[in-house]
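Following: one structure in structure tokens, then a few remarks.
The values are calculated or read from the model by the stated rules, or taken from the named source; none is laboratory data. For clarity, every value in this text was computed on a predicted model and none was experimentally measured. No Cβ is skipped: glycine too gets one built from the backbone with ideal geometry, and neighbour counts run over all protein chains shown. To get the accessible areas, we keep the full protein, side chains included, count just its heavy atoms, and leave off ligands, DNA and RNA. Shrake-Rupley method; radii C 1.70, N 1.55, O 1.52, S 1.80 Å.
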Amino acid sequence: MYTIDSAVVTDAEHILALQKLAYQSEARLYQDWNIPPLTQSMSSLITEFSDHVILKAVIDGAIVGSVRAKADNNRCLIGKLIVQPEYQGRGIGSALLAAIETHFPSVSYYQLFTGSLSSANIRLYQRNGYCISHSSPLSDRISIIFLEKAASSQCGKNHHNDRSPTG
């Protein structure tokens, strides 16, 4: 069984190591080992603790998942939802997603993004009430798919004002 708690700065080293492990599958999928989650520095992650809510999923004292988010006007920008590969498919990602949403009760909607080839991620987000809102080319090979979920959990409304990747 896992627990979900707020992460603290002393968790940064473990979260960054897990992030780099979890995003290797994305790097392989896109044939790009320079994606931001793999190149993020420790100091950059530590800085995020000042303006993001960062949660961790823990099993037997080990961090096996994490997610971070911040409010931006009337939306919650969710990023870097990660689960250790051997623990994927056990509901931890969905639980982290639901938990981070509860930290932002006054927003109108939640927004996140993933790569267009990341079908498992897209399915996970859609199972959790997120709808594709738009896409944006990142390079000539990669597009980013933005998904949104109204705080009322209803799809179909386009609330986006800023189409830039944030996670």
Just name the residue that is nearest to Ala99 (Cα to Cα) out of those in region 3-34 that are hydrophobic (A, V, I, L, M, F, W, C) and in contact with a Phe, Trp or Tyr (Cβ under 9 Å, 6 or more places away or on another chain).
Ala7
Flagged in region 3-35 as under 17 Å from Thr114 (Cβ atoms), touching a strand residue (DSSP E or B) at 6+ places or on another chain (Cβ under 9 Å) and either free of Cβ contacts under 8 Å to residues at least 12 places away in the same chain or of a type in the set (Val, Ile, Thr) (or both), in numbering order, are Ile35
Among the residues of region 9-25 satisfying the criterion of being in contact with a helix residue (DSSP H, G or I) (Cβ under 8 Å, 6 or more places away or on another chain), outside any loop (DSSP other than H, G, I, E, B) and open to solvent by 30 Å² or more (accessible area, probe 1.4 Å), which is farthest from Glu86 (Cα to Cα)?
Val9
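Does region 65-73 contain any residue that is more than 15 Å from the chain's Cα centre (by Cα) and under 17 Å from Phe113 (Cα atoms)?
Filtering region 65-73 for residues more than 15 Å from the chain's Cα centre (by Cα) gives 72-73.
Add one more test, that the residue is under 17 Å from Phe113 (Cα atoms), and what stays is 72.
Taking every residue of region 65-73 in turn, at least one turns out to be more than 15 Å from the chain's Cα centre (by Cα) and under 17 Å from Phe113 (Cα atoms).
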Out of region 65-113, which residues are farther than 17 Å from Ser6 by Cβ, polar (S, T, N, Q) and open to solvent by 10 Å² or more (accessible area, probe 1.4 Å)?
Asn73, Asn74, Gln84, Gln88, Ser94, Ser106, Ser108
I'd like the full set of residues that are out of contact with any helix residue (DSSP H, G or I) (no Cβ under 7 Å at 6 or more places or on another chain) and either polar (S, T, N, Q) or farther than 17 Å from Ile35 by Cβ (or both), limited to region 107-121.
Val107, Ser108, Tyr109, Gln111, Ser116, Ser119, Asn121
Just to check your reading of the model, which residue among Leu124, Leu147 is touching a helix residue (DSSP H, G or I) at 6+ places or on another chain (Cβ under 8 Å), in a strand (DSSP E or B), within 23 Å of Leu29 (Cα to Cα) and at pLDDT 80 or above?
Leu147
Output the number of the condition that Tyr130 fails; it satisfies all remaining conditions of (1) of a type outside the set (A, V, I, L, M); (2) more than 23 Å from Phe49 (Cβ to Cβ); (3) open to solvent by 20 Å² or more (accessible area, probe 1.4 Å); (4) at pLDDT 95 or above.
(3)
How many residues are closer than 20 Å to Gly93 by Cα and loosely packed, with under 15 Cβ neighbours inside 10 Å when one looks only at region 37-58?
0
